[in-house]
Amino acid sequence: MPKRTDIHTILIPGSGPIVIGQAAEFDYSGTQAVKALRGLGYRIVLINSNPATVMTDPDLADATYIEPLLPEVLEAIIAQEQPDALLPTVGGQTGLNLALALSESGALERHHVTLIGASLESIRIAEDRSIFRDTMRRANLPVPRGGPAHSLDEAHAIAAETGYPLLVRASFALGGSGAGWVHRPEDLPEALRKAQAESPIRQAWLEESVLGWKEYELEVMRDGAGNFVVVCSIENLDPMGVHTGDSITVAPAQTLTDREYQRLRDMARAVMDAVGVQTGGANVQFAVDPRSGRALVIEMNPRVSRSSALASKATGFPIAKIAALVAAGFTLDEIPNDITGQTVAAFEPALDYVVVKIPRFSFEKFPGVEATLGPQMKSVGEAMALGSTFRQALNKAVQSLEIGVDALDGSGRGKEQWMDAPGDLTDTSQPTPLRLFALYRALRSGVTVAELAGRTGLDAWFLAEMQSLADLEQRLRAAPPEGPGADLLREAKQAGFSDAHLARLLARPGHPLDESDLRRLRQSLEILPTFQRVDTCAAEFESQTPYLYSAYATEDESRPTTRQKVLILGGGPNRIGQGIEFDYCCCQAAYALGEMDYEIIMLNCNPETV
């Protein structure tokens, strides 16, 4: 169907200042939406208060307001600009909360503004856990037992039904703010107080424990004609109990059978139907009991999210752009796939590579802070790596964190500063930023995969992959003093080992070796990196977009031209002191150099960037 002609001006709220749980990914989604909708001829009015964003550049929207993201401010802008529609789904939790406030105050009705991308009812269902639970149950979709609590008596009554431990959350809160696990009745009053303090409606939500269950997330898309696609499946390395923003995640999901994946896919579509999301993108989170296979729907966001930004970069499927287009009336089969130039958006991307995301923390900035990870998000950024295998992508992701570590054992040139951060490199029982390194060291020291899986709840497949890296490391240590053979060195590079790490492994008394020596050895053996294209369809169609990742494959797909080129280095993962302002700088540099007819090459590992 053609684009909507009953709307002409669209108001898009941004997400405001960067906070943990809501960061640069919404500049990415907002920028995509503005460009897509302006390309259709709509007039776009944007409001945001974050000066570091690409979306607030004066040239992006038709009118940009740098104002507080408050309902009364938005109503004043609505009265001034007279938009026909409001698109709240690319502005994070802030956008949805503003849409709810403006609807409930009658402002949208007074000014004849239509919500697009998500209906008022679907926002209410998805955001209010009590309504969401009742909606899921009516649709015969399983959810954890629990309920809302405004008082301690109500909380004790729910705890009596669910038992301990239980999860206490803040309703309508961002990034798991105020959430915590309660293991004893005497800890319930304080947990309730914290949750209510973080909730804008002073409501806590209590539900049964699913600690140790496996966690999956499906990024899904739907149009007004009922076409439904799963853009990406994402699996958390950490079991339930760690906020998904703080967990190492892998795409596509690695440990689901096809039967299990199809069941989650069907459940995700049923969730979309029950919530009433007619157009746009959403993510649905599931918990799966590794013993019984029982699957529960945990939550659903009827908007783009941090996971959407990751899925967009992981697959090449521009979720925010497509969500904006279907909100404007197009169907998925009418929207071309920019990657292939031959297919349309009504398809499910097929990946012939693996994507690993590792969060970045800044605990070293706050001595004495509790570094144990839980249901309240604490990470300030993340690094993403693409590789031919999980092992390769995992090693590359660790090297991308910029914490002085270039190996899975936590070693590296800058490790001393990193080791000052809270945590223990020998403790695998508690989820912390250092647990990945502790797990690898435990495997290398002889702890079995089965023992670690039982102790941590991590799937044995991931631990077995790490064990194979430890075994490869031992083979490298046992190489003769004159160096490893070409086959062993190539195997190590295909597994993602860095040159600096390999130099440390291969150095011998009387035979010192540094990173540059290793690189020269590798080059002399013609062990060179190749670059592969992200094509969304497992190479069934040739990629038309030069969106690439490095590997050590037999074929190189980069196809460089003879034009003059400029390489722009991105800022890497967000951290305190270095955030999205450098994404803004990189984008502006790319635009300016492109106008000067240079070919622009961008190098970055941050999936939240424009």
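The values are calculated or read from the model by the stated rules, or taken from the named source; none is laboratory data. In this text, all values refer to a predicted model and were calculated from it rather than measured experimentally. Please note: Cβ atoms are built from the backbone with ideal geometry, for glycine as well, and neighbour counts cover all protein chains shown. For the accessible areas, the whole protein counts, side chains as well, though only heavy atoms, and no ligand, DNA or RNA atoms are used. Shrake-Rupley method; radii C 1.70, N 1.55, O 1.52, S 1.80 Å.
Within segment 169-188, is even one residue hydrophobic (A, V, I, L, M, F, W, C), at positive phi, open to solvent by 30 Å² or more (accessible area, probe 1.4 Å) and within 27 Å of the chain's Cα centre (by Cα)?
The first filter runs over segment 169-188 and keeps only residues hydrophobic (A, V, I, L, M, F, W, C), leaving 170, 172-174, 179, 181-182, 188.
Now drop any that are not at positive phi, which leaves 172.
Narrowing further to those that are open to solvent by 30 Å² or more (accessible area, probe 1.4 Å): 172.
Add one more test, that the residue is within 27 Å of the chain's Cα centre (by Cα), and what stays is 172.
Within segment 169-188, one or more residues are hydrophobic (A, V, I, L, M, F, W, C), at positive phi, open to solvent by 30 Å² or more (accessible area, probe 1.4 Å) and within 27 Å of the chain's Cα centre (by Cα).
Let me spell it out: the conditions are (1) touching a helix residue (DSSP H, G or I) at 6+ places or on another chain (Cβ under 6 Å); (2) modelled with pLDDT of 85 or more; (3) under 27 Å from residue 236 (Cβ atoms); (4) among the hydrophobic types (A, V, I, L, M, F, W, C), and residue 173 meets all of them except one. Which number is the exception?
Unmet condition: (2).
Yes/no per residue for (1) closer than 22 Å to residue 553 by Cβ; (2) without any contact (Cβ under 8 Å) to a residue 12 or more places away in the chain; (3) touching a helix residue (DSSP H, G or I) at 6+ places or on another chain (Cβ under 6 Å):
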residue: 472; (1), (2), (3): yes, no, no
residue: 475; (1), (2), (3): yes, no, no
residue: 485; (1), (2), (3): yes, yes, no
residue: 494; (1), (2), (3): yes, no, no
residue: 503; (1), (2), (3): no, no, yes
residue: 524; (1), (2), (3): yes, yes, no
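I'd like the full set of residues that are open to solvent by 30 Å² or more (accessible area, probe 1.4 Å), at pLDDT 95 or above and not hydroxyl-bearing (Ser, Thr, Tyr), limited to segment 359-410.
391, 396, 399
Considering only segment 47-82, state which residues are closer than 15 Å to residue 111 by Cβ and open to solvent by less than 40 Å² (accessible area, probe 1.4 Å).
Residues of segment 47-82 that are closer than 15 Å to residue 111 by Cβ, as a first pass: 47, 71-82.
Correct list: 47, 73, 74, 77, 78, 81.
Determine which member of the set 53, 135 is touching a residue at least 24 places away in the same chain (Cβ under 8 Å), within 18 Å of residue 298 (Cβ to Cβ) and not charged (D, E, K, R). Quick ask: steps written out before the conclusion?
On the way: 53 fails: within 18 Å of residue 298 (Cβ to Cβ).
None of the others qualify; the one that does is 135.
Checking residue 298 against (1) assigned to a loop (DSSP other than H, G, I, E, B); (2) among the β-branched types (Val, Ile, Thr); (3) out of contact with any helix residue (DSSP H, G or I) (no Cβ under 8 Å at 6 or more places or on another chain), which test does it fail?
That leaves (1) as the condition not met.
Kindly indicate whether residue 568 is of a type in the set (Val, Ile, Thr), closer than 27 Å to residue 52 by Cβ, out of contact with any helix residue (DSSP H, G or I) (no Cβ under 6 Å at 6 or more places or on another chain) and without any contact (Cβ under 8 Å) to a residue 40 or more places away in the chain. Steps first, answer last, please.
Values: of a type in the set (Val, Ile, Thr): yes; closer than 27 Å to residue 52 by Cβ: yes; out of contact with any helix residue (DSSP H, G or I) (no Cβ under 6 Å at 6 or more places or on another chain): no; without any contact (Cβ under 8 Å) to a residue 40 or more places away in the chain: yes.
Considered against the rule, which asks whether it is of a type in the set (Val, Ile, Thr), closer than 27 Å to residue 52 by Cβ, out of contact with any helix residue (DSSP H, G or I) (no Cβ under 6 Å at 6 or more places or on another chain) and without any contact (Cβ under 8 Å) to a residue 40 or more places away in the chain, residue 568 comes out as no.
With the condition kept exactly as written, say whether any residue in segment 206-222 is surrounded by fewer than 21 Cβ atoms within 10 Å (Cβ to Cβ) and within 23 Å of residue 317 (Cα to Cα).
Among the residues of segment 206-222, not one is surrounded by fewer than 21 Cβ atoms within 10 Å (Cβ to Cβ) and within 23 Å of residue 317 (Cα to Cα), which makes the answer no.
When only residues in segment 130-166 that are among the basic types (Lys, Arg) and part of a helix (DSSP H, G or I) count, which is surrounded by the most Cβ atoms within 10 Å (Cβ to Cβ)? Walk me through how you get there before you give the answer.
The first filter runs over segment 130-166 and keeps only residues among the basic types (Lys, Arg), leaving 133, 137-138, 145.
So of that shortlist, the ones also part of a helix (DSSP H, G or I) come out as 133, 137-138.
Numbers: 133: 21, 137: 12, 138: 9.
Ranking the candidates gives 133 first.
Could you say which residue among 436, 425 is within 26 Å of residue 514 (Cα to Cα) and modelled with pLDDT under 90?
425
Restricting to segment 451-478, give me the number of residues that are within 25 Å of residue 355 (Cα to Cα), part of a helix (DSSP H, G or I) and open to solvent by 30 Å² or more (accessible area, probe 1.4 Å). Show your work before the answer.
First, the residues of segment 451-478 that are within 25 Å of residue 355 (Cα to Cα): 452-453, 456-473.
Applying the additional criterion that residues be part of a helix (DSSP H, G or I) yields 452-453, 456, 460-473.
Going one step further and asking which of them are open to solvent by 30 Å² or more (accessible area, probe 1.4 Å), we end up with 460-461, 464-465, 467-468, 471.
So the answer is 7.
So, in segment 517-535, of the ones that are touching a strand residue (DSSP E or B) at 6+ places or on another chain (Cβ under 8 Å) and open to solvent by 10 Å² or more (accessible area, probe 1.4 Å), which residue ends up farthest from residue 492 (Cα to Cα)? Break it down into steps so the answer makes sense when it comes.
Applying the first criterion (touching a strand residue (DSSP E or B) at 6+ places or on another chain (Cβ under 8 Å)) to segment 517-535 yields 529-534.
From what's left, open to solvent by 10 Å² or more (accessible area, probe 1.4 Å): 529-533.
On the way: 529: 12, 530: 15, 531: 17, 532: 18, 533: 22 Å.
Top of the filtered list is 533.
Can you tell me which condition residue 266 does not meet? The list is (1) closer than 19 Å to residue 464 by Cβ; (2) surrounded by fewer than 17 Cβ atoms within 10 Å (Cβ to Cβ); (3) acidic (Asp, Glu), and all the others hold.
(1)
Here are the criteria: (1) open to solvent by less than 10 Å² (accessible area, probe 1.4 Å); (2) part of a loop (DSSP other than H, G, I, E, B); (3) more than 18 Å from residue 279 (Cβ to Cβ). Tell me which single one residue 7 does not satisfy.
Single failed check for residue 7: (3).
Please verify whether residue 336 is closer than 25 Å to residue 572 by Cα and surrounded by fewer than 18 Cβ atoms within 10 Å (Cβ to Cβ), treating the condition exactly as stated.
Details: closer than 25 Å to residue 572 by Cα: no; surrounded by fewer than 18 Cβ atoms within 10 Å (Cβ to Cβ): yes.
Judged against the criteria, residue 336 is not a match.
Give me the residue from segment 83-107 that is without any contact (Cβ under 8 Å) to a residue 60 or more places away in the chain and open to solvent by 50 Å² or more (accessible area, probe 1.4 Å) and, out of that set, nearest to residue 281 (Cα to Cα).
Out of the qualifying residues, it is 104.
Can you name the residue in segment 223-249 that is of a type outside the set (Val, Ile, Thr) and part of a strand (DSSP E or B) and, of all such residues, is surrounded by the most Cβ atoms within 10 Å (Cβ to Cβ)? Please lay out each step first, then the result.
Taking segment 223-249 as the starting set, the residues that turn out to be of a type outside the set (Val, Ile, Thr) are 223-228, 232-233, 235-241, 243, 245-247.
Now drop any that are not part of a strand (DSSP E or B), which leaves 228, 232-233, 235-236.
Working: 228: 17, 232: 27, 233: 23, 235: 22, 236: 25.
For segment 223-249, the residue satisfying everything is 232.
Scan segment 230-287 residue by residue and report those that are in contact with a helix residue (DSSP H, G or I) (Cβ under 8 Å, 6 or more places away or on another chain), under 23 Å from residue 390 (Cα atoms) and of a type in the set (A, V, I, L, M, F, W, C).
Within segment 230-287, 230, 231, 232, 234, 237, 248, 250, 251, 253, 256, 286 qualify.
What number of residues within segment 18-35 are crowded, with 22+ Cβ neighbours inside 10 Å and either assigned to a helix (DSSP H, G or I) or acidic (Asp, Glu) (or both)?
10
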